[in-house]
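Notes for the one structure printed next.
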Amino acid sequence: MVNLVIDGKNIQAKKGTTLLAVARENGIDIPTLCSHESVENSGACRLCVVEITKGKTKKIVTSCLYKAEDGLMVETGNERVLKVRKFVMQLLMARCPTSGVIRDLAVKMGVVPEPRFKPNEDGKKCIMCRLCVQVCEHVVGVSALGFAFRGTDKALGTPFREPSSVCIGCGSCAYICPTQQIVMTSTEDTRSICGRTFKMRACSVCGRYFAPEDQLAFISEKTGVSVEDLSVCVSCR
Amino acid sequence: MATNSIAAGSDKVYQAMADEIKARNLKFQLTKTGSMGLDSMEPLVEFVVPNKPKLSFAKVTAEKVPALLDQVINLHLDTETPFYRVDEQENILTGEKTFYCTGKVPRILRDIPLIDAIPYYAKQVKIATRNCGIIDPENLEEYVARGGYFALYKTLTEMSPDGIIEEVIASGLRGRGGGGFSTGWKWRSCRDAEGTVKYVICNGDEGDPGAYMDRSVMEGDPHSVIEGMIIGAYAIGATQGYIYVRNEYPLAVANLTKALAKARDAGLLGKNIFGSGFSFDIRISKGAGAFVCGESTALIASMEGKAGEPRAKYTHTVEHGLWDRPTNINNVETWTNVPVIMARGADWFSSIGTKTSSGTKVFSLVGKVNNIGLVEVAMGTTIREIVHDIGGGVPQGKTFKAVQTGGPSGGCIPGSLIDLPVGFEELGEAGSMMGSGGMIVMDDTTCMVDIAKYFLDFLAKESCGKCTPCRDGVRRMRDILEDICNGHGEEGDVELLKGMSEAMIDGSHCALGGSAPNPVLSTLRYFQDEYEAHILDKKCPAGVCKALIHFHVVADKCTGCVKCKKVCPTRAIQGNRKEVHEIDQTLCIQCRACYEVCAFDAIIIE
Ligand SMILES: Cc1cc2nc3c(=O)[nH]c(=O)nc-3n(C[C@H](O)[C@H](O)[C@H](O)COP(=O)(O)O)c2cc1C
Ligand code: SF4
Ligand code: SF4
Ligand code: SF4
Ligand code: SF4
Ligand code: FES
C-alpha cells in the first residue's frame, strides 16, 4: 500500500494502481477518452491529465498511466490541469465537430469551441484514441486496424480505405469506439463493418443468426473446436 | 569523402586524380578523407609531401587536376594558390604534435596562410571532429596512428567500470543529442539498473533538417564512435550495442559497416577484448528516417519493429529500454567525446568550455552566412564569434537579425543577444536550446512570423500523431500563423498562441510536442512587434509575406532602364525607356524579380 494525497484528501492505494483508478475509487471524477478496462492504456488523448508534486517539482502527467506512489501530491482540477483539458477538448471539437459524444463531454466540462480553430469538414468522428486498434490486436487477436501516416495526416488504417482481409467482423471495434466513428449495420443474415459485409451463421438450435461465419472460423482455428460445435448461440448453449 | 564534398564534386576530382597518377606513373598515395567542414570550399584536396608543409587546395575541379599535380611536384604556384598550409598539427588524443614541415618553410610557401590563420578554422577546437578530413575513415591503421583505440586499451586494462564512470561524470560531459543530460550519471543509472543483459545504443537518427554533424562524424571517423561505445559498454556492463542510422545516410552506413568489420577482425569487438574478459559487439540498425524516431523511446520502438511512436510509460530507458532491458542511449557526438576524455582525463576536458557546459559542440552553420559548414567550438564561444569570425558574417552587407538554434523545435536568438555564449543553460534561458546543434543565421530579410510558420509546418508533419495536443495543436498553431502571414490574423491571436503553447508544453506526451511551441514563443519574445504589424497593420516589416507587401517604383530614383520591365513574369510593369516605370498592383504576383534586378534601388517593398 502507498499513501498519497489527491485534492487534499489522504488516500491509501494499492501499489501499482494508476492515479486514475485511485481517484475514481475515491469518488474523484477525471474525464477520459482513450482509457478502457479491456485494453492497456496508451496515453493518447491527454484528457486525463493531473498535476503531481514530487518533492519540489510539479508536473503534468496522464493519470491513466501514472502509478500511485508514496508521498505523491495530486491535484486533479487546478488551473493548469484545466487549461490542458480545455485545449484538448477544443482541438477535438474542431477535429470532429459532428461528434455528439465530444460535444456533450465539452458541455459537461464547460468548454466552448475556440472560434479560431476552423472545424474540419471531413465529417469524421475519429479522435485517434486507438481503442479500436488495441482491442482488435490485443483482445480479438486480429490486427485488422492500424494507423497510417504520421503528423496531421495520421489516419486510422486499412478498414476505411480498403476492406481488410483479416477482419472477422466481430464488431469489437465498433463497440469500443467512443465516438461511433466505426459503425456496424446488420440485416437478418449479414453484418457490415469496416467496409465489408459478413455472412452470419444461424444457430443450429434456434435458427437465429448470431455470429459472422468468419468469426466462428477464426475461433475454431484458434481453439481447435469445430465450427459445427461453435454454431450454437449463447442462449441455446 | 563525405556527402557534402561529394555533392560538390569530390568523387569526380578523386577519379581524375587517380587517372592522372596512374597515367604519369607517380608514386603517390591517394586517399579519401571525411570533411574538414567548410562546405563552400569543397572539394578540398590536401597534398602531403615529406618534410614539407601540408598544402590544401580548395574548390578543386577535375579539370584542374593535371595542373595542380604539376605545381605540387615542381613546387611552383603560378595558377593555383593553396587555400592554406599546415606545418604542424596537434593530436588532441595525445596532446602531441605531428610536424609536416621539418625544416624551413620553403620561400614560395611562406605567404600561404597557415590553417590557424584562416578565421574559419582559427577559433575552432576539434574534439568530436578531430579526425574528420584528416584520416581515411576506411583505414583502421590511420585511426590508430592518430592515437585511436589507445583510450580503449587503457580503460579495459587499467580502469574499473566505476572508475570510468567517475571520470566521465567528472568531465562534465553532457549529452549532445539535445537534452544535455549528464552522460556519466546516465551510465551510472544504467550500470545500477537490474538485469544481466544490457544494451548501449548510438543515436544517429539526426532528423533535424539541414543538420549533418552526426553524419559527418559517422562518415569521416566511424571508429571514434565505435571506440566510445566499447568504453561505455564496458563501464555500463552492456554486451551488445546498436548504432541507429537513418537509411538516408548510405555513406554513413557503409563506412560504419566497414569500420565494424575491421574492428572485429582486429579483435576490438567480439569476445574477450584485449584479454580483459569483456565481450561486446555492435550492430547497425537502420531507421526509416522520421524526425520523431530520434526521440529515445520512439527509436527503441522503431528498433523493435513497432511504429515509431514515443512510448507511453513513466519508466526510464536506462531501466526498461530495448526489449525491456536496461539501455543506455547516447548521441553520436557524445560517444566520440568519450575516447578523448579517457585519453586526456576529466580535468583536461572540463577545462574546455564553461562551468556547466564542458568541452566543445559541433554546429552546422547555415543560412545567411558567408562560410557555410560544420564548426566545432568550445562551449562558451559567443554567437558573435561563430557568426562573424568563423562564419564570416552575413553576406551582401545585410544586417544580422537572429540565429535559430536547436533544430526545428528550437528558438530564435535575436541580434541583440549576439554576445551570448553558447552553452546548455545560456541558450535555454534565451528561449532556445542547444538541441543537436543546428544554427541557422537570418538577416533582416527574414520574417520572423514566416520562420515560425515554417518550423511549425515541419513539426506538424513530423509529429508522430499519437497525442492530441501535439498532433492537432501544432497543426492549429501553424494554421493561425498561416492566417497571420496571409493577412487574416485577428486581434487576440498573440495571446491565443501563448495560451496554446502553455497547454501544449504541459499536455504533450513527448518532447516533440513539448518543445514544438518554441519557435513561436521565442519569436514572440523578441519580435512581438512583427506579429503585431502583421495582425494589426496588415504589414510584413521584413517584406516577405506576399499577401502583405506591395512593390512600388520610387519615381525619383527610377532611371527608366527597363530592366525590371523585362524580368517581370506577369508584365505588371509599364513604362517607356528613360521614363519612370509603374507597377500594376492587380497584375503583380510579388515575385521580387524587379526588386532584385533594379540597380538604382528604385523599387521598394511596402
Ligand atoms: C523529437 C525528438 C527528436 C530527437 N532527435 C534526436 C536525434 O536525431 N539524435 C539524437 O541523438 N537525439 C535526438 N533526440 C534526443 C534523444 O531523445 C535522446 O535524448 C538522446 O539521443 C540521448 O543522447 P545524449 O544524452 O547523448 O544526448 C530527440 C528528441 C526528441 C524529443
Ligand atoms: S470487427 Fe474486424 S476490425 Fe473490428 S475488432 Fe473485429 S476483427 Fe478487428
Ligand atoms: S475509430 Fe473510434 S475507437 Fe478507433 S481511434 Fe477513432 S475514435 Fe478511437
Ligand atoms: S508529443 Fe507529438 S510526437 Fe510526441 S507522442 Fe505526442 S504526438 Fe507523438
Ligand atoms: S514583384 Fe514580380 S510580378 Fe511584381 S512587379 Fe516585380 S517583377 Fe513583376
Ligand atoms: S485517458 Fe489518459 S490519456 Fe486518454
Using modelled amide H (1.01 Å from N, peptide plane; none on Pro or chain starts), what sits under 5 Å from the amide H of residue A:186, excluding residues fewer than 5 places away?
A:192
Around residue B:270, which amide H atoms from residues at least 5 apart in sequence, or from another chain, sit under 5 Å from its own amide H, with H modelled in the peptide plane?
B:280, B:281
Inter-probe distance in nm under a simple model that places probes 7 Å from Cα toward Cβ, at residue B:399 and residue B:284:
4.8 nm
Options B:543, A:68, B:388, ranked by Cα towards positive dipole end of the protein assembly as shown, top entry (Cβ charges):
A:68
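Give a quick list of chymotrypsin sites (Phe, Trp or Tyr not before Pro) in the range B:246-337 that DSSP marks as loop, anything other than H, G, I, E or B, with at most 13 other Cβ atoms within 10 Å.
Filter output for the range B:246-337: B:314.
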Computed, not fitted: 222 nm per-residue ellipticity of chain B from DSSP H runs ≥ 4 (each -39500 (n - 2.57)), nearest 500, equal to -10500 deg cm²/dmol
Using θ = phi - 60° and Karplus 6.51 cos²θ - 1.76 cosθ + 1.60, couplings along the range B:105-114 (whole Hz; Gly, Pro as x)
6, x, 3, 4, 9, 5, 7, 6, x, 5
From the P(r) of the range B:451-535, could you give the percentage of C-alpha pairs in the tail past 18 Å?
33 percent
Per the helix-only calculation at 222 nm, which mean residue ellipticity applies to chain A, given -39500 (n - 2.57) for every DSSP H run of n ≥ 4 and division by its residues, nearest 500 deg cm²/dmol?
-6500 deg cm²/dmol
Could you state the principal axis extents of the C-alpha atoms in the range B:502-553, from the largest down, to the nearest angstrom?
52, 16, 15
Give the calculated FRET efficiency between residue B:145 and residue A:206 to the nearest 0.05, with a Förster radius of 60 Å applied to their Cβ-Cβ distance.
0.10
Sparsely packed GluC sites (Glu not before Pro) within the range B:460-536, loop by DSSP, other Cβ within 10 Å at most 14:
B:490, B:491
Apply the Karplus parameterisation 6.51 cos²θ - 1.76 cosθ + 1.60, with θ equal to phi minus 60°, to every residue of the range A:176-188 and state each ³J(HN,Hα) to the nearest whole Hz, in sequence, with x for glycine and proline.
7, 4, x, 10, 6, 5, 8, 10, 10, 10, 10, 10, 4
Express the carbon and sulfur contribution to the solvent-accessible surface of chain A as a percent, rounded to the nearest whole number, probe 1.4 angstrom.
51 percent
Per DSSP loop assignment and a cutoff of at most 11 other beta carbons within 10 Å, chain B keeps its longest run without exposed trypsin sites (Lys or Arg not before Pro) at B:356-570
Could you name the lysines in cross-link range of residue A:15, using Cα to Cα under 17 Å and dropping any fewer than eight places away on the same chain?
A:54, A:67, B:313
Average partner chain C-beta neighbours within 10 Å, per residue of B:501-514?
4
Using a simple spin-label model with points 7 Å from Cα along the Cα→Cβ vector, what separation in nm is obtained for residue A:189 and residue A:236?
1.5 nm
Minimum 20 Å² accessible area buried by the other protein chains, the range A:52-73 residues, probe 1.4 Å, relative to alone
A:60, A:65, A:66
Coordinate range along principal axes, alpha carbons of the range A:38-170, Å, largest first:
53, 38, 25
Inter-probe distance in nm under a simple model that places probes 7 Å from Cα toward Cβ, at residue A:220 and residue B:61
7.6 nm
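Size of the dipole of the protein assembly as shown about the Cα centre, Lys and Arg at +1 and Asp and Glu at -1 on the beta carbon, nothing else charged, in debye to 20?
Working: 96 positive and 100 negative charges, 165 e Å.
Here the size comes out at about 800 debye.
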Round to a whole angstrom and tell me the spacing of the C-alpha centers of the range A:132-158 and the range B:267-294.
33 Å
When the charge dipole of the protein assembly as shown is computed with +1 at the Cβ of Lys and Arg and -1 at the Cβ of Asp and Glu, the Cα pointing farthest to the positive end, of B:397, B:523, A:111, is that of A:111
Rh_Kirkwood(chain B) over Cα pairs, Å, one decimal, evaluates to 26.2 Å
The range A:138-144 - phi-based ³J(HN,Hα) in whole Hz, Karplus 6.51/-1.76/1.60, Gly and Pro as x:
8, 9, 6, x, 10, 6, 7
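The values are calculated or read from the model by the stated rules, or taken from the named source; none is laboratory data. The model shown is predicted, which means the values in this text are computed figures rather than measured ones. In this analysis, Cβ positions are derived from the backbone assuming ideal geometry, glycine residues included, and neighbour counts consider all displayed protein chains. Quick note on the areas: whole protein, heavy atoms, side chains included, nothing else; ligands and nucleic acids left out. Shrake-Rupley method; radii C 1.70, N 1.55, O 1.52, S 1.80 Å.
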